[in-house]
Amino acid sequence: MATPLTGDGLLALIPQGPLDSVEPSSPAPGGASSSLPEPASAGGGGGCLVSSALESPILIFLFFQKAIRSELERLHRAAVALATTDRGGNVRALADRCRFLFAIYKHHCNAEDEVIFPALDIRVKNVASTYSLEHKGESELFEQLFELLNSNVQNEDVFRRELASCTGAIQTSLSQHMAKEEEQVTSVF
């Protein structure tokens, strides 16, 4: 069974081995120009993406958006499988993955609220407050999910259907929100 620390979603962004340096200008062993890891899904051809991210930090924002979107899809698929086919499935493992995603999502939102949106707000007025409100609404969706996960009815069919519904609502809301962010951010920066 997969653990919350495997996969191609958010975890593709986490280094799989030790880094020799956190300084992008320090040469990596073997003469590579950057010590930043390539995303796990890059398949060895992501060196261009890493150097592009160093030249345009907004690409890091886009990498995280893509990873969050991928993990949302995987979580929703797992919740649907629990509701429809996997009656003995591991709800706790799914809950752990949801908590991990929410932690990453909150850090991502904080970075957006503190860095990206104020810069965007200079060019497009009232964007920062609008996106911050959307972040609060999305956090409420996660709160509903965690209330459900903390309930004592995890073996009932209704619970599993509601779990699939909650993860679907979160996936839809965040995917639409991130698409809107990406459109505005990439058009301005």
Residue count, region 76-102, condition over 17 Å from ASN150 (Cα atoms) and out of contact with any Asp or Glu (no Cβ under 9 Å at 6 or more places or on another chain), comes to 8
Looking at (1) within 30 Å of SER151 (Cβ to Cβ); (2) touching a residue at least 24 places away in the same chain (Cβ under 8 Å); (3) open to solvent by less than 30 Å² (accessible area, probe 1.4 Å); (4) not hydrophobic (A, V, I, L, M, F, W, C), which is the one condition that is false for GLU73?
(3)
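Here's the yes/no breakdown for (1) of a type outside the set (Val, Ile, Thr); (2) within 17 Å of the chain's Cα centre (by Cα); (3) more than 17 Å from ILE68 (Cβ to Cβ):
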residue	(1), (2), (3)
GLU140	yes, yes, yes
GLU143	yes, yes, yes
GLU156	yes, no, yes
GLU162	yes, no, yes
GLN176	yes, yes, no
Which helices (runs of 4 or more DSSP H) sit wholly inside region 73-189 and have at least 2 residues that are at pLDDT 95 or above and of a type outside the set (D, E, K, R)?
91-111, 127-149, 157-188
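The values are calculated or read from the model by the stated rules, or taken from the named source; none is laboratory data. Predicted model only: the values in this text are computed from it and were never measured. For neighbour counting, all protein chains shown are included, and Cβ atoms are generated from backbone atoms with ideal geometry for every residue, glycine included. Please note that ligands, DNA and RNA were not included when accessible areas were found on the heavy atoms of the full protein model with its side chains. Shrake-Rupley method; radii C 1.70, N 1.55, O 1.52, S 1.80 Å.
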